[in-house]
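Here's the structure, in structure tokens; my notes come after.
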Amino acid sequence: MKLKMMVLVATGALLSVGTVSAQDVAALLKSKNCLNCHAIEAKKMGPSYKELSAKYTKEAMPAIVKKLRDGQGHMKVTGTDDELNAIVEFALSQK
Ligand code: HEC
């Protein structure tokens, strides 16, 4: 019971966007192939999510979501607003 509460609180803190859960984000990162070019810690073809978290604040989210959605300067990423917001927020939260 207590543990369940803690898990809920932790999940809420991690992701406050829309209806996409932390688990869904992990699945999205895989299904949308983000992890082919990005890793949390290591630089691959694209910058690591830690690097991006250091570079950007949450204020940059809308512009980055737009960039991914429109495929401008990045490969085009399709998904709902909730999905894109959740994965970008995740990418920018890896302190
Ligand atoms: C084909 C390789 C590739 C894939 C797949 C890919 N990325 Fe990227 N990504 C890059 C490269 C290269 C950059 C650096 C160039 C740039 O800034 O757009 C980048 C940059 C970014 C940035 C920073 C953008 C900025 O304005 O600085 C974010 C955030 C990001 N990717 C998220 C994602 C997410 C989320 C996914 C999956 C939906 C994804 N990427 C899939 C290659 C990729």
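Every number in this text was worked out from the coordinates using simple rules, so none of it is lab data. Computed from a predicted model, the values in this text were never measured in an experiment. Backbone-built Cβ (ideal geometry, glycine too); neighbour counts: all protein chains shown.
Key figures
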| quantity | calculated |
| --- | --- |
| Extension reserve of the ILE40-ALA22 stretch, reckoned as 0.36 nm per residue once the Cα distance is removed | 5.0 nm |
| Potential lengthening between GLN94 and LYS76 on full extension [0.36 nm per residue; Cα-Cα distance subtracted] | 4.2 nm |
| Total formal charge among the other residues, if their Cβ is under 11 angstrom from that of HIS38, Lys/Arg +1 and Asp/Glu -1 | +2 |
